[in-house]
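See below for the structure under consideration.
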Protein chains: 2
Amino acid sequence: MRIAGKGIILVSLNDKSGLGDASVNSVVAGLCASPEGCRSVCATCRVRLYAVCSAMSEDDIADLERLAAHVELSPRTALFQAGDLARFVYTVTSGTLRLQRDLADGRRQVIGFAIPGDFIGLSLDETYQFSADTLTAVGLCRFDRKDFTSLSHSRQPLLERLHLAATHELTIAQDHMVILGRRRAEERVAAFLLRWRDRLGRINGRSATVGLPMSRQDMADHLGLTIETVSRTMARWMRDRIILDVPGGIRVLDQQRLAAILPD
Amino acid sequence: MRIAGKGIILVSLNDKSGLGDASVNSVVAGLCASPEGCRSVCATCRVRLYAVCSAMSEDDIADLERLAAHVELSPRTALFQAGDLARFVYTVTSGTLRLQRDLADGRRQVIGFAIPGDFIGLSLDETYQFSADTLTAVGLCRFDRKDFTSLSHSRQPLLERLHLAATHELTIAQDHMVILGRRRAEERVAAFLLRWRDRLGRINGRSATVGLPMSRQDMADHLGLTIETVSRTMARWMRDRIILDVPGGIRVLDQQRLAAILPD
DNA sequence: CGGGTTATTGATGGTGTTCAAGGGGTGTGG
DNA sequence: CCACACCCCTTGAACACCATCAATAACCCG
């Protein structure tokens with residue numbers, strides 16, 4: 001156990017595999033000790049303007065807040081697994097999660113990564129269609145799925161915002177199909193770095209330094225490659241001074257040449 | 001020009017490439033000669049119960065019908081291209097379309113195929129994010145996008161149904177990411193045949209005979225393979241009596257062995 | 001430090017691509 | 001009605017990209 005800033009207690013699960021032993025219960029901690037999560041306060045929420053919550057008026061936000069519980073998770077923790085009964089939906093307030101599907105023989109496909117402002121649980125199925133695990137410490141705003149659905153049916157702007165989020169995700173998914181289906185290894189990695197950088201830039205502001213909280217294996221499983229190919233590709237770019245290795249990520253030295261790798 | 005059943009006139013565009021010269025205007029024909037499309041009649045619509053229109057009550061359907069125009073397209077016709085201003089959204093009433101994205105150097109990724117009951121244009125962007133071309137003769141119910149959006153904002157069940165369609169598409173897209181990212185050639189083709197069969201079965205009723213209106217090239221571009229790999233894979237299955245070649249498609253002889261190719 | 005995980009780097013090999021040639025169906029025009 | 005052209009599909013052979021296997025290095029946290 002270690003103490004992180006602001007007196008928030010993070011409980012390490014010691015799940016180093018990141019794959020295997022993720023069936024343990026999610027760790028819930030924070031200012032409130034209760035595993036139920038503590039009351040959310042939308043007024044001070046940093047992602048409120050990016051998230052689906054932005055659809056709610058000042059008057060209505062209280063109704064949303066009443067349904068919300070704030071949850072803090074340690075790094076390398078399972079939020080839920082594919083097939084679990086989908087009790088909750090979430091808005092990410094801080095940190096990064098990995099969303100993935102697994103095949104029976106161990107192969108896995110990382111569907112995407114969720115960052116602050118993202119909504120998790122758009123699918124209307126009774127069970128989750130993918131697994132979600134934290135990569136870093138993560139803060140989430142949690143809602144009971146049925147309550148949230150009911151609210152979205154009585155507050156149309158929220159439903160519209162959810163629909164916007166869903167179609168946006170759909171476009172991103174189709175982009176990724178092109179990457180997986182028709183791009184070569186080098187192009188895949190370049191496309192990933194540039195898009196990831198853009199996504200982070202929309203939250204933190206644009207920067208040449210790109211944090212990569214996911215492992216090389218996660219990147220490989222996202223891009224349909226092996227860890228060796230990802231590693232070799234990035235090593236080559238480092239030798240060529242296109243990117244620079246920095247702790248916890250990379251720095252883009254030559255945006256031009258990186259972008260030039262991508263036809264179109 | 002040739003005559004198809006029920007006196008509907010189909011105009012052949014003679015666009016044999018299926019790729020190149022698709023910038024011609026969409027051919028609009030049918031019982032009404034007007035290129036504007038003729039008035040739609042929901043009462044006799046065969047896909048009404050499957051399509052997003054099913055969200056409309058008997059009373060409200062008239063409002064939807066007022067916005068709708070029915071359009072008939074010849075095979076191998078461009079409905080719209082990626083980047084075009086998204087003036088319309090569509091419900092497919094008959095036939096099959098191919099949805100695809102193209103890279104600058106000619107590589108393409110077939111995002112999916114649209115069949116009766118499918119909604120085209122879920123994205124809320126001002127421009128289309130992919131191209132849509134007919135494979136067969138196609139019937140569509142066409143709506144002005146802005147009018148349709150307005151209506152969905154005043155008829156909540158329609159919006160809910162659209163959202164349902166979007167999240168369903170999203171799940172399918174994620175399924176396809178697994179295929180493209182982590183499955184071998186043989187698995188990809190098997191998964192495609194089995195899923196395509198299921199989709200058709202939901203409309204026509206289950207059958208061992210599976211129509212394949214798309215070319216081998218289309219299948220390859222959907223599965224991230226080459227035409228040769230698709231051809232060789234299916235040829236092997238034909239030798240092994242797993243499938244049988246029938247005009248315009250295949251017949252599944254051994255569902256067991258085909259399904260066994262897929263772990264999970 | 002020291003154990004274990006993750007990343008890098010090299011050598012080898014396989015799956016699927018690329019290149020090339022031939023077959024089969026269909027529509028067209030003589 | 002047949003010949004021809006034109007796709008589309010099939011099949012074969014050689015190759016290339018990336019995966020696999022293997023060993024070492026760097027890292028992280030205890």
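The values are calculated or read from the model by the stated rules, or taken from the named source; none is laboratory data. Every value quoted in this text rests on a predicted model; they were computed, and no experiment measured them. Here the Cβ is made from the backbone with ideal geometry for all residues, glycine too, and neighbour counts use every protein chain on show.
How many residues does region B:247-264 contain that are within 12 Å of DNA strand C (Cβ to nearest atom) and either β-branched (Val, Ile, Thr) or at pLDDT 95 or above (or both)?
As a first pass, look at region B:247-264 and keep what is within 12 Å of DNA strand C (Cβ to nearest atom): B:247-248, B:261.
Restricting the remaining residues to those that are either β-branched (Val, Ile, Thr) or at pLDDT 95 or above (or both) gives B:261.
Total meeting the criteria: 1.
Considering each of B:236, B:206 in turn, give the residue that is within 16 Å of DNA strand C (Cβ to nearest atom) and either farther than 30 Å from residue A:152 by Cα or without any contact (Cβ under 8 Å) to a residue 24 or more places away in the chain (or both).
B:236
Out of all the residues in region B:230-251, which are within 10 Å of DNA strand D (Cβ to nearest atom), among the basic types (Lys, Arg) and under 26 Å from the mean Cα position of the chain (by Cα)?
B:232
Residue by residue through region A:181-203, note down the ones that are farther than 20 Å from residue A:254 by Cα, surrounded by fewer than 23 Cβ atoms within 10 Å (Cβ to Cβ) and in contact with a helix residue (DSSP H, G or I) (Cβ under 8 Å, 6 or more places away or on another chain).
Correct list: A:182 only.
Given the conditions (1) modelled with pLDDT under 95; (2) under 16 Å from the mean Cα position of the chain (by Cα), and given that residue B:218 satisfies all but one, which numbered condition is not satisfied?
Every listed condition holds for residue B:218 apart from (1).
Considering only region B:150-171, how many residues are of a type in the set (Asp, Glu) and either surrounded by fewer than 17 Cβ atoms within 10 Å (Cβ to Cβ) or within 17 Å of residue B:115 (Cα to Cα) (or both)? Spell out how you get there, then give the answer.
Filtering region B:150-171 down to residues of a type in the set (Asp, Glu) leaves B:160, B:169.
From the residues that got through so far, the ones that are either surrounded by fewer than 17 Cβ atoms within 10 Å (Cβ to Cβ) or within 17 Å of residue B:115 (Cα to Cα) (or both) too are B:169.
Result for region B:150-171: 1.
Based on this model, can you work out whether residue A:209 counts as over 18 Å from the mean Cα position of the chain (by Cα), among the hydroxyl-bearing types (Ser, Thr, Tyr) and away from chain B (no Cβ under 11 Å)?
yes
Quick check: anything in region A:163-181 more than 7 Å from chain B (Cβ to nearest Cβ), within 16 Å of DNA strand D (Cβ to nearest atom) and within 21 Å of residue B:173 (Cβ to Cβ)? It would help to see each step written out before you state the result.
From region A:163-181, those more than 7 Å from chain B (Cβ to nearest Cβ) are A:165, A:168, A:172, A:175, A:179; that's our starting set.
Narrowing the set further to residues that are within 16 Å of DNA strand D (Cβ to nearest atom) leaves A:179.
Filter once more, so that each one left must be within 21 Å of residue B:173 (Cβ to Cβ): A:179.
Among the residues of region A:163-181, at least one is more than 7 Å from chain B (Cβ to nearest Cβ), within 16 Å of DNA strand D (Cβ to nearest atom) and within 21 Å of residue B:173 (Cβ to Cβ), which makes the answer yes.
Out of everything in region B:204-228 that is near DNA strand D (Cβ under 8 Å from one of its atoms) and more than 21 Å from residue B:95 (Cα to Cα), what residue ends up being surrounded by the most Cβ atoms within 10 Å (Cβ to Cβ)?
That would be B:227.
Can you name the residue in region A:212-225 that is more than 9 Å from DNA strand C (Cβ to nearest atom) and at negative phi and is also farthest from the other protein chains (Cβ to nearest Cβ) among such residues?
A:213
Quick check on this structure: which one of A:74, A:94 is surrounded by fewer than 21 Cβ atoms within 10 Å (Cβ to Cβ), more than 14 Å from chain B (Cβ to nearest Cβ) and either closer than 16 Å to residue A:40 by Cβ or not hydrophobic (A, V, I, L, M, F, W, C) (or both)?
A:94
So, residue B:189, is that one more than 9 Å from every other protein chain (Cβ to nearest Cβ), more than 26 Å from residue A:124 (Cα to Cα) and away from DNA strand C (no atom under 16 Å from the Cβ) or not?
no
In the list B:158, B:135, which residue meets the criterion of being out of contact with any Gly (no Cβ under 7 Å at 6 or more places or on another chain), over 30 Å from residue A:101 (Cβ atoms) and more than 7 Å from every other protein chain (Cβ to nearest Cβ)?
Every option except B:158 fails the conditions.
Take the conditions of a type outside the set (D, E, K, R) and buried (at least 19 other Cβ atoms within 10 Å of the Cβ) and apply them to residue A:104. Does it pass?
Numbers: of a type outside the set (D, E, K, R): yes; buried (at least 19 other Cβ atoms within 10 Å of the Cβ): no.
Spelling it out, it is not the case that residue A:104 is of a type outside the set (D, E, K, R) and buried (at least 19 other Cβ atoms within 10 Å of the Cβ).
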